[in-house]
RNA sequence: GGGGCUGUAGCUCAGCUGGAUAGAGCGACGGUUUCCUAAACCGUAGGUCGUGGGUUCGAGUCCCGCCAGCCCCGCCA
């Protein structure tokens, strides 16, 4: 309904100009704001939109809000084009002006939606070809080599994927980057251990399956802690790796490859696309970062470490806090890598990504780190004008006890196990239901439905919460059959698919559209809000807004479905109802798709 | 000590540039099925929006103080 609200706003502005342009000009008086303050109506009984400007203008115009509202309404009622769009406005309460869109206009919007694959959501810039549009880098997921993916990565992965999907749908070129931890001192330990226990792997990479890399990591760590000779070797190995010695690089590549294969299984299961560009990618660029900072005069050497001091942040001792870009031993750290990444991502195309907007989806605990690094990048002038660098933080995943999510024995929960459990629980639910209802379904159906519902539940539970707050993980809640959950939304879609199966031609051409029930209008109005929600998610990067919308849409549809027969009524009502069913299904499918959740025909 | 985030119904959470009587789900209690999948729908009960000030015609929302919880704070990411 963006186009309708824009049209309405224009007419309101014109009315305000006509009513108050003289009053707003008197010499010496401050200029009066003629912003109509048009917003969505706070309740359905107030209509579709409301203008709050009369209350705000009351003081400066020295008139009562209702008198001002009345002047505005008089102007609007004199405007024929306004009256084609809206019913005569109502003044209510202390001075709100309420607007109800004329039903013909709503039906016209419905017609447009029915033939629009994008369901009313415009491309960010219709005029520009895709390759001219700004590139957005979304940095998300980012697990560490040889470590288990856990729930923290799950949040980043799911939220990052959804944000990417929304931006892509709006027409941006999105670069989904997986900034994996594939470099660092831990590789000295891992490579030394590999050379020790599986030297043949270096000769014939396929010969040895390193098995569970997490176990491998743990064993290497144990050895490192216990064996001083091993420790010495591991440290030397780091140096060899950094020098680029063939054997060391080969071992490094082998370990990364093994890890990558494990990650990919998860990404495939979640249907998440990522371009891997790990920390090692930036190795050749690190010296340049330090040199550049030095050239800008930002660098200070403190206790042997090269730092940039930020005066506005303070440490424990009350002194300015440094961002360390080169350690006293000459090594680089994560701040250096992050700075190199920022520089590269905003860099012009052959040598960089040419990004217009760079988004980091990481846990809120890294907020300090990013604000420091971002500030350094700003000072170094690595962020071009009109470009944005944003940290999109999210809260911790907690168990139902409110503490950090762990297994009963206190270990980190493996992502693989968590997803499997969700699917397994969905399966148990489904089988119980099939049993209760005496339904017969084949194994393929059961497997497919359980997997879709289980994964959808995990994703939706995460996305439906405002990402800033900590999030309490509960299988029981996310898989619940009612409430704001994935199964509830999927079921609404299934109901429409059911109507189609029972003979409702959802694709039929519609001549005449007619509605006469409240539930029909409620559903239609909810459907028409879709475009606003998508634009809002794009701006605020809060997928829970989309979840909330889809939940409300499902509720509105379920009320409609409960009260309003579709197949058993006469034309043209039947076709009209089929048309909003179809738009509901399309909207749910598209909306869930933007959350990374596929729909089902039956469940 | 400094910084960040959070505090809304018994529980889990929404609340969009400040706007009309603060919303939803779960749980509790009560009702609905010869009809497109009841994985649904309807109703009832339940709140000094942590707290004290301030700004404003108007504050859950903005500003300041305080309290509580979580997270971060020089060579890990």
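Quick look at the numbers
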item: Test: residue in the stretch A:475-492 that is more than 6 Å from RNA strand B (Cβ to nearest atom) and exposed (fewer than 14 other Cβ atoms within 10 Å of the Cβ); result: yes
item: Residue count, the stretch A:34-69 (criterion: in a helix (DSSP H, G or I), surrounded by 20 or more Cβ atoms within 10 Å (Cβ to Cβ) and near RNA strand B (Cβ under 10 Å from one of its atoms)); result: 4
item: Members of the stretch A:56-68 found to be touching a helix residue (DSSP H, G or I) at 6+ places or on another chain (Cβ under 7 Å) and modelled with pLDDT under 90, listed by number; result: A:57, A:58, A:61, A:64, A:65
item: Residues that are in a loop (DSSP other than H, G, I, E, B), surrounded by 15 or more Cβ atoms within 10 Å (Cβ to Cβ) and within 16 Å of RNA strand B (Cβ to nearest atom), drawn from the stretch A:407-426; result: A:412
item: Answer from A:99, A:140 - the residue that is farther than 30 Å from residue A:524 by Cβ, buried (at least 17 other Cβ atoms within 10 Å of the Cβ), in contact (Cβ under 8 Å) with a residue 24 or more places away in the chain and touching a helix residue (DSSP H, G or I) at 6+ places or on another chain (Cβ under 7 Å); result: A:140
item: Flag if residue A:339 is under 21 Å from residue A:292 (Cβ atoms) and in contact (Cβ under 8 Å) with a residue 40 or more places away in the chain; result: yes
item: The lone exception for residue A:300 - which of (1) modelled with pLDDT of 90 or more; (2) outside any loop (DSSP other than H, G, I, E, B); (3) buried (at least 19 other Cβ atoms within 10 Å of the Cβ) it fails; result: (3)
item: Identity of the residue in the stretch A:359-385, part of a loop (DSSP other than H, G, I, E, B) and surrounded by 15 or more Cβ atoms within 10 Å (Cβ to Cβ), that ends up farthest from RNA strand B (Cβ to nearest atom); result: A:383
item: Unmet criterion (only one of (1) away from RNA strand B (no atom under 12 Å from the Cβ); (2) touching a helix residue (DSSP H, G or I) at 6+ places or on another chain (Cβ under 9 Å)) for residue A:388; result: (2)
item: Checklist (1) touching a strand residue (DSSP E or B) at 6+ places or on another chain (Cβ under 8 Å); (2) under 24 Å from residue A:392 (Cα atoms) applied to residue A:162, failing item; result: (1)
item: Residue satisfying all of: in the stretch A:560-586; surrounded by fewer than 17 Cβ atoms within 10 Å (Cβ to Cβ) and more than 12 Å from RNA strand B (Cβ to nearest atom); modelled with the lowest pLDDT among these; result: A:571
item: Test: residue in the stretch A:545-554 that is under 23 Å from residue A:360 (Cα atoms) and either within 8 Å of RNA strand B (Cβ to nearest atom) or out of contact with any helix residue (DSSP H, G or I) (no Cβ under 7 Å at 6 or more places or on another chain) (or both); result: yes
item: Wholly enclosed helices (runs of 4 or more DSSP H) of the stretch A:465-550 bearing at least 3 residues farther than 24 Å from residue A:107 by Cα; result: A:475-478, A:486-501, A:530-540
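Residues checked against (1) out of contact with any strand residue (DSSP E or B) (no Cβ under 8 Å at 6 or more places or on another chain); (2) farther than 19 Å from residue A:600 by Cα:
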| residue | (1), (2) |
| --- | --- |
| A:496 | yes, no |
| A:499 | yes, no |
| A:509 | yes, yes |
| A:512 | yes, yes |
| A:523 | yes, yes |
| A:531 | yes, yes |
| A:541 | no, yes |
| A:571 | yes, yes |
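Conditions (1) assigned by TED's automatic domain parsing to the domain that holds residue A:589; (2) near RNA strand B (Cβ under 10 Å from one of its atoms); (3) over 25 Å from residue A:361 (Cβ atoms), marked per residue:
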{"residue": "A:434", "(1), (2), (3)": "no, yes, yes"}
{"residue": "A:444", "(1), (2), (3)": "no, no, yes"}
{"residue": "A:455", "(1), (2), (3)": "no, no, no"}
{"residue": "A:459", "(1), (2), (3)": "no, no, no"}
{"residue": "A:465", "(1), (2), (3)": "no, yes, no"}
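The values are calculated or read from the model by the stated rules, or taken from the named source; none is laboratory data. Keep in mind that what you see is a predicted model, and the values were worked out from it rather than measured. Neighbour counts run over all protein chains shown; Cβ positions are idealised from the backbone, glycine included.
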